[in-house]
Amino acid sequence: MGTESTSVAVHPPVAARKHTERTVHGHTLVDDYAWLREKDDPAVLAYLGVENAWCSAVMAGTEDLQKQLYEEMLSHIKETDVSVPFRDRQYWYYSRTEQGKQYEIYCRKRGTAEAPEGEEEILLDVNEMAKNESFMALGTMVVSDDGNLLAYSCDNRGFRQYKLYVKDLRSGEVLSEHVDRVGSVVWAADNRTLFYTVEDEEQKRQFQCYRHVLGTPHGEDELVYEERDERFNIGAGRTRDDRYIILESASHTTTEERFLPANEPRGEWRLVEQRRDEIEYYADHRNGRLYIRVNDKGRNFRLVTTPIEAPGRENWTELIPQRPEAMLEEVDLFAGHAMVWERRQGLQHVRAMPFIGPGPEMRDGHEIEFPEPVYSTQPHANRVYETGKYRYAYQSLVTPASVFEYDVATGASKLLKQVEVPGGFDRTQYESERIFAKAADGVEVPVSLVSRKDKREAGKNPLWIYGYGAYGYSLPMGFSSNRLSLLDRGFVLAYAHARGGGDMGKAWHDAGRLMHKRNTFTDFVTVTEHLVAQGYGATDRVAAEGGSAGGLLMGAIANLRPDLYRAIVAHVPFVDVMNTMLDPTLPLTVPEYEEWGDPNEKAAFEYMLSYSPYDNLEANDYPSMLVKTSLHDSQVMYWEPAKYVAKMRTLRTDGRHLVLNTNLAAGHGGASGRYDYLKEIALDYAFLLRELSVIEVQNSTAETTGS
């Protein structure tokens with residue numbers, strides 16, 4: 001195939017260091033590359049630099065292709081554009097982009113109830129914030145009720161550690177005071193009191209909530225709540241009607257909430273319902289009642305209501321029962337109606353349910369109709385509580401991102417805006433479909449596909465399969481103009497909705513976590529085998545891609561069935577499972593016990609050890625691999641992929657490419673600027689196009705194992 005070399009290079013030898021060794025539950029764990037954890041050691045940065053140089057050497061000859069891909073992707077972006085404005089009190093808010101600028105500009109205008117008018121006011125220009133910075137990410141933006149003050153947070157390293165600032169929108173002055181390591185930020189209704197949460201310094205867990213009054217030193221801020229259970233993070237927000245502030249403690253499987261009248265910032269927080277293990281609930285308020293989505297009677301949630309004076313479960317009245325076939329994902333409350341979001345057979349469904357009167361009784365109402373077999377939808381900005389309209393976002397694998405306004409009374413949806421895709425895009429040239437692949441245990445695994453109609457040749461196309469399968473996260477089936485560079489070259493793109501995700505409800509998540517985690521990996525293999533057998537792609541032209549927990553999936557399938565895949569792209573992959581989960585000082589480790597298991601328990605340890613990619617590498621032929629990480633990643637530390645690649649080099653018996661690419665100025669999500677991000681994708685695509693022999697590239701190097 002096209003990756004067999006025209007010239008052979010030998011990767012520089014990996015520096016030899018004293019290994020670490022420990023025995024856990026009778027198993028000896030040897031780690032020859034533990035030294036790569038020493039971030040401040042010049043030898044570590046030197047090693048990452050050598051790997052980046054090797055990546056450049058391997059990709060030599062693809063520079064023109066990468067430039068072509070970058071220009072293609074850029075040609076499909078309307079660089080100067082504006083979002084759909086949404087109303088919040090006396091203002092209309094929107095964001096816009098300008099050609100040549102990396103980041104968004106956030107703005108507002110005064111207006112009537114119907115439309116914005118008057119002069120534009122710039123709230124934040126992230127391009128200005130990013131000057132002299134190699135990274136910039138906006139965390140939160142919250143405007144006070146009177147519209148005069150803006151609380152916002154930003155991260156200039158990529159470590160997802162945000163600083164809180166307050167800007168006076170009347171004068172444009174940014175107040176000199178700031179707070180480090182901030183998460184949630186909420187204004188009280190008095191326009192001078194802020195509630196904010198902060199994370200601890202070591203574990204990146206949001207664990208404390210403070211009350212701050214403008215004009216007073218932050219050193220005098222009052223601690224109003226501290227979460228002591230290491231499994232839990234806290235967050236805060238306002239109810240839809242703005243009447244109450246909700247403070248939530250949440251682990252991966254359990255929640256607990258407190259509420260406070262927004263106009264009584266020094267009042268007493270009240271508990272909704274005491275936490276119970278494995279029970280999640282989420283409360284909102286309407287007309288003196290709490291409406292609570294809770295999974296106490298079944299994994300897929302039900303909706304209950306109770307007077308706000310008596311929030312405990314002994315007073316709950318059921319409005320919508322739990323159903324095994326439908327995951328109740330969200331309930332958006334408004335004065336006269338509720339928008340009920342469900343997921344059935346892996347697809348989202350939205351129903352408007354008008355309230356009959358001031359009480360909780362509702363009519364069935366209308367369900368919004370979606371025209372395609374595969375799509376993604378979510379609530380848009382809906383800040384007006386007294387309204388008969390509802391905005392939602394919609395897109396699919398072939399339909400660009402769109403914003404609709406739904407009329408609750410008539411059931412009609414009106415398109416407000418669809419993202420323009422320049423550069424000759426014609427959506428009728430592409431098609432999407434949903435199929436199912438049967439796993440060995442009889443479970444039907446959903447697969448979403450997109451391809452270009454005139455490029456399909458049974459059994460001949462390059463096939464790209466993406467997966468994640470963790471945390472109950474459902475893969476969004478949205479539009480990406482970047483994908484056109486693959487589709488137009490004949491790729492069939494597939495998304496495997498493996499167990500461990502939330503695509504088929506809570507039970508689907510349960511079937512791919514803890515002691516069932518291997519189902520995620522075998523589901524992905526099942527999908528691959530099915531697609532090839534059905535002629536969606538050529539046997540020798542299959543690529544896989546995933547990131548973070550999906551990077552664990554990539555490492556697992558590389559060990560499980562390396563023969564199935566010609567190439568794998570793994571972004572910030574969680575591949576060093578045992579060393580990470582045995583270290584409770586690392587960010588996220590203890591809360592993650594509920595997803596992966598607690599390795600301090602022998603059975604969980606042995607099960608996790610059976611699939612941990614780093615621990616199961618062996619002498620074998622592996623697919624070509626591009627492994628990407630970022631130095632300032634706070635979710636999956638850079639050393640996991642670095643160690644994984646270093647170890648694989650000493651074991652793999654093939655001559656295919658193995659490259660590690662480290663972004664030395666970013667975090668978990670890669671580059672923050674939109675143009676820089678396109679360049680990262682161009683590298684990925686060039687790697688795939690060459691490895692799958694879609695494009696012949698001269699002067700590629702194959703790899704022989706270094707010492």
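Each reported figure results from applying straightforward, stated rules to the coordinates on display, with no laboratory input. From a predicted model like this one, the values you see are computed outputs, not experimental measurements. Every residue, glycine as well, gets a Cβ built from its backbone with ideal geometry; the counts of neighbours run over all protein chains shown.
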Full extension between Glu618 and Ala335 adds, at 0.36 nm per residue less the Cα distance, a length in nm of 95.8 nm
Please label the shape of region 259-304 as rounded, prolate or oblate, based on the square roots a ≥ b ≥ c of the eigenvalues of the alpha-carbon gyration tensor (a/c under 1.5 means rounded; beyond that, a/b larger than b/c means prolate, else oblate). oblate
Compute the semi-axes of the equivalent ellipsoid of region 17-63, taking the square root of 5 times each eigenvalue of the Cα gyration tensor, and list them largest first in whole Å. 32, 14, 7
Under the rule rounded for a/c under 1.5, else prolate if a/b exceeds b/c, else oblate, using alpha carbon gyration tensor axes a ≥ b ≥ c, region 156-269 is classed as oblate
Rank the residues Asp583, Asp32 as a footprinting-exposure proxy: fewest other Cβ atoms within 10 Å of their Cβ go first. Asp583, Asp32
Taking Cα atoms of region 573-707, Rg/Rh with Kirkwood Rh, to two decimals? 1.02
Which residues does the label zone of Asp676 cover in region 135-176, counting backbone N under 11 Å from a point 7 Å along Cα→Cβ? 135-137, 156-158
Compute the length gained on full extension between Thr653 and Asp146: take 0.36 nm times their separation in residues and subtract their Cα-Cα distance, giving the result in nm to one decimal. 175.9 nm
In whole percents, the bins of 10 Å from zero upward hold the Cα-Cα pairs of the chain as 3, 13, 23, 27, 21, 10, 3, 0
What helices does the chain hold that run 20 Å or longer along their axis, going by alpha-carbon atoms, with a Kyte-Doolittle average of 0.5 or more, using DSSP H for the helix calls? 42-58
Between Asp190 and Arg270, take the C-beta separation as r, use R0 = 30 Å, and let me know the FRET efficiency to the nearest 0.05. 0.95
Most exposed first, judged by fewest Cβ atoms within 10 angstrom, Ser75, Ser396, Ser171 run Ser171, Ser75, Ser396
Principal axis dimensions, region 21-168 - Cα atoms, whole angstrom, descending: 68, 46, 31
In vacuo Debye sum over C-alpha of region 230-315, base-10 log of normalised intensity I(q)/I(0) at q = 0.18 Å⁻¹, listed in q order, is -0.74
